[in-house]
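Engineer: Once you've had a glance at the structure underneath, I'll fire off some questions.
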Amino acid sequence: MSKLNNINIQDLQDNYDSEDEFYQKFKERLADVQSFPSDYSFKFILPAKSKGISELKEIFGKESDFKTKTSSKGTYASITIKKRVKDAAAVVYYYKKCAHIKNIMML
């Protein structure tokens with residue numbers, strides 16, 4: 001059910017034996033639908049007053065393009081980060097680096 005430049009959630013199972021298996025499948029699917037090197041949009045949701053936002057800036061660096069939008073009640077922040085990556089493995093690398101941030105939702 002893959003579409004060009006889009007990974008449908010139905011394409012990814014949710015019963016992997018390990019986190020490594022999930023990331024391996026994600027990397028394979030991403031390589032199938034995305035051309036590299038390219039600008040990749042990473043998307044996250046965090047509590048608005050979280051120090052996780054500054055952690056994301058440390059992980060991705062100043063050369064990345066950050067866009068932040070706060071929810072209507074000011075509770076959450078949606079963060080989109082555009083970064084140039086060389087391959088699907090680089091995308092997985094950044095998601096793994098972000099996984100430790102408290103209360104982060106990675107989209």
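Engineer: For segment 49-107, which GluC sites (Glu not before Pro) are both in a DSSP coil and crowded by at most 11 other Cβ atoms within 10 Å?
Structural biologist: Loop-located and lightly packed - Glu63.
Engineer: Give me, ordered by chain and number, the residues 5 or more places off Ala48 or on other chains with an amide H under 5 Å from its own placed amide H.
Structural biologist: The answer is Tyr76, Ala77.
Engineer: Just to be sure I understand the model, the point goes 7 Å from the Cα along the line to the Cβ. What's the resulting Lys86 to Ser50 distance in nm?
Structural biologist: 3.0 nm
Engineer: Using label points projected 7 Å from each Cα along Cα→Cβ, tell me how many nm separate Ser71 and Ala31, to one decimal.
Structural biologist: Result: 3.7 nm between the two label points.
Engineer: Would you pull out the residues with amide H under 5 Å of Tyr40's amide H, same chain only if 5 or more places away, H placed 1.01 Å from N?
Structural biologist: When sequence neighbours closer than 5 places are left aside, the close amide H contacts are Lys83, Arg84, Val85.
Engineer: Under 15 Å from the Cβ of Pro47, count the other residues' Cβ atoms, weight Lys and Arg +1, Asp and Glu -1, and hand me the total.
Structural biologist: +4
Engineer: Among all the lysines, which ones have a C-alpha under 29 Å from Lys73's C-alpha, if same-chain residues fewer than 8 places away are not counted?
Structural biologist: The qualifying lysines are Lys43, Lys49, Lys51, Lys57, Lys62, Lys82, Lys83, Lys97, Lys102.
Engineer: Okay, moving on. Let me know the shape class of segment 37-106, please: from the alpha-carbon gyration tensor, a ≥ b ≥ c as square roots of the eigenvalues, rounded when a/c is under 1.5, otherwise prolate if a/b is greater than b/c, or oblate.
Structural biologist: On the way: a/c = 2.17, a/b = 1.71, b/c = 1.27.
Prolate shape, in that a/c is at least 1.5 and a/b is the bigger ratio.
Engineer: For segment 56-107, what is the relative contact order in percent, using Cα pairs closer than 8 Å and at least 6 residues apart in sequence?
Structural biologist: So the answer I get is 30 percent.
We did not get these values from a lab; they are worked out from the coordinates using the rules stated. On a predicted model such as this, the values are computed, not experimentally measured, just so you know. Quick reminder, even Gly has a Cβ in these numbers, built from the backbone with ideal geometry, and neighbours come from all protein chains shown.
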